[in-house]
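Undergrad: Right, I'll just put the structure down here and ask away after.
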Amino acid sequence: MEQMDLQSILLPGIDPKRPIVIAGPCSAESEEQVMDTARELASKGIKIFRAGIWKPRTKPGGFEGIGVIGLPWMKRVKEETGMYVATEVATKDHVFEALKAGIDILWIGARTAANPFAVQEIADALKGVDIPVLIKNPVNPDLELWIGAFQRLYGAGIKRLGAIHRGFSSYDKKIYRNLPLWHIPIELRRRMPNLPIFCDPSHIGGKRELIAPLCQQAMDLNFDGLIIESHRDPDAAWSDASQQITPDVLDYVLNLLVIRDSTQTTENLSELRKQIDGIDEQLLELLAKRMRVSREIGVYKKEHNMPVLQSPRYSEILEKRSNMGKQMDLNPEFIKEMLKEIHEESVRQQMIVMNEK
């Protein structure tokens, strides 16, 4: 899928400099609300207006979008402000109506991205259409499912593709509405280096006060753009009120962003990276040595008819090593997660030895 790149999804008049900003209300609620918000955003220099026409909700009974009657409002935004317009589609019927109304950019939401049948239906409906399509990450942290969605669209001939990182659902109550799990979009970038990636700080944070720091994190990770929910009167919004900001606040947030140079400009950085490469080689050598010792332990356990898993020993290691890491200014949770992965591989190595004849 080499043809995907930032230039491919850019529309005429959109500055390719980071961040490319898509902004507008979570939902189109009325023609007045849509037009007032769009005019304010346009006055701040925003070139792409977003609004949900169809809103997939977790439970029935909530506001599920204004529906097709809101599409003429989006056409009016284009005509009166010159902005491009974007909306979410979840079915082939949504695609048909959005294209008929002249919507410029489509995106596939997190719930839809988690359903390969739904993604394929949208892909089939878009065959022969040249339009940018952005795909949000699935609600669950499944990178392969996310990549599969891109492959389905690409297979249908859609080449102008981009990703939206909106975080991942969690049963536990956390500071974020959806956990950022930044390593997943980072791995997506590694696997698909030319794919443009947007950050959705509104859905990650779930609170308007988290939008600014999340935007900065996305820029520091070299994301290409931002898709932010902005409403003329956020507290009165019909959906996701707590995570929307006014156009004035959006302008303030964007002006505060520090956009770092993505190219290497100093010899010092090159030298530091060489140090990292050397340390990584040492880590791999140590891990290989640890696995050799693990296999020797497996031989001993086999000879003495002992079970592979020694739970008290494992718990003791986790506790001691996380405390050691804390004393070295390392995150204890990071240490625990790293040791869990190492322990799983150690157990696997010992199982190989135990099963050898």
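The values are calculated or read from the model by the stated rules, or taken from the named source; none is laboratory data. All of these numbers come straight from a predicted model, not from anything done at the bench. A quick note on method: Cβ atoms are made from the backbone with ideal geometry, for glycine too, and the neighbour counts reach across all protein chains shown. The protein model used for the area step is the full one, side chains on, heavy atoms only, and it has no ligands, DNA or RNA in it. Shrake-Rupley method; radii C 1.70, N 1.55, O 1.52, S 1.80 Å.
Undergrad: Using Cα springs under 10 Å in a Gaussian network model of the chain, which residue among Gln327, Gln282, Gln33 shows the largest mean-square fluctuation?
TA: For the chain, modelled as a Gaussian network with Cα springs under 10 Å, the answer is Gln327.
Undergrad: Now a separate question. So what is the relative contact order for segment 188-268, in percent, with contacts set as C-alpha pairs under 8 Å and at least six apart?
TA: Details: 88 pairs, mean separation 23.3, N = 81.
29 percent.
Undergrad: Taking amide H atoms as placed 1.01 Å from N in the peptide plane, list the residues 5 or more away in sequence, or in a different chain, whose amide H sits under 5 Å from that of Ile22.
TA: Result for Ile22 returns Leu226, Ile227, Ile228.
Undergrad: Moving on to the next point. Can you give me the solvent accessible area of Met291 with a 1.4 Å probe, rounded to the nearest 10 Å²?
TA: 20
Undergrad: Largest first, what is the accessible-area ranking of His94, His183, His304 with a 1.4 Å probe? If you can, show how the numbers build up before the last one.
TA: Values: His94 35, His183 120, His304 100 Å².
Ranked from most to least accessible, the order is His183, His304, His94.
Undergrad: Can you give me the solvent accessible area of Trp54 with a 1.4 Å probe, rounded to the nearest 10 Å²?
TA: 40
Undergrad: If you average over every viewing direction, what projected area does the convex hull of the Cα atoms of the chain give, in nm²?
TA: With every direction weighted equally, the projected area is 22.6 nm².
Undergrad: Further question: Which whole-Hz ³J(HN,Hα) couplings does segment 212-228 yield from phi under the Karplus relation 6.51 cos²θ - 1.76 cosθ + 1.60, θ = phi - 60°, glycine and proline marked x?
TA: Each residue's phi maps through the Karplus curve to give 4, x, 5, 4, 5, 4, 4, 5, 5, 8, 6, 5, 7, x, 9, 10, 10 Hz.
Undergrad: For Glu316, tell me the accessible area in Å² from a 1.4 Å probe, rounded to the nearest 10.
TA: 80
Undergrad: Tell me, what is the per residue accessible area of the chain in Å², probe radius 1.4 Å?
TA: 53
Undergrad: Percent relative contact order of the chain, based on C-alpha pairs within less than 8 angstrom and at least six residues apart?
TA: 14
Undergrad: GNM on the chain, C-alpha springs below 10 Å: top fluctuator among Ile276, Ile197, Ile105?
TA: Ile276
Undergrad: Placing +1 at every Lys and Arg Cβ and -1 at every Asp and Glu Cβ, with all other atoms neutral, what dipole size does segment 1-128 have around its Cα centre, in debye to the nearest 20? Intermediate results must be reported in sequence, preceding the final value.
TA: Values: 16 positive and 17 negative charges, 41 e Å.
Once rounded to the nearest 20, the dipole reads 200 debye.
Undergrad: Mind telling me which of Ala98, Ala236, Ala149 comes out most flexible in a GNM of the chain, alpha-carbon contacts under 10 Å?
TA: Ala236
Undergrad: Whole-Hz Karplus ³J(HN,Hα) for segment 304-318, in order, using 6.51 cos²θ - 1.76 cosθ + 1.60 and θ = phi - 60°, x for Gly and Pro?
TA: Using θ = phi - 60°, the values come out as 9, 6, 9, x, 5, 7, 10, 4, x, 5, 4, 4, 5, 4, 4 Hz.
Undergrad: Which far-off residues, 5 or more places away or on another chain, put their amide H under 5 Å from the one on Leu134, with H placed in the peptide plane?
TA: Leu106, Trp107, Ile108, Gly162
Undergrad: For the cross-link pairs Lys136/Lys159; Lys159/Lys207; Lys17/Lys159, which exceed 24 Å when the distance is taken from alpha carbon to alpha carbon?
TA: Lys159/Lys207
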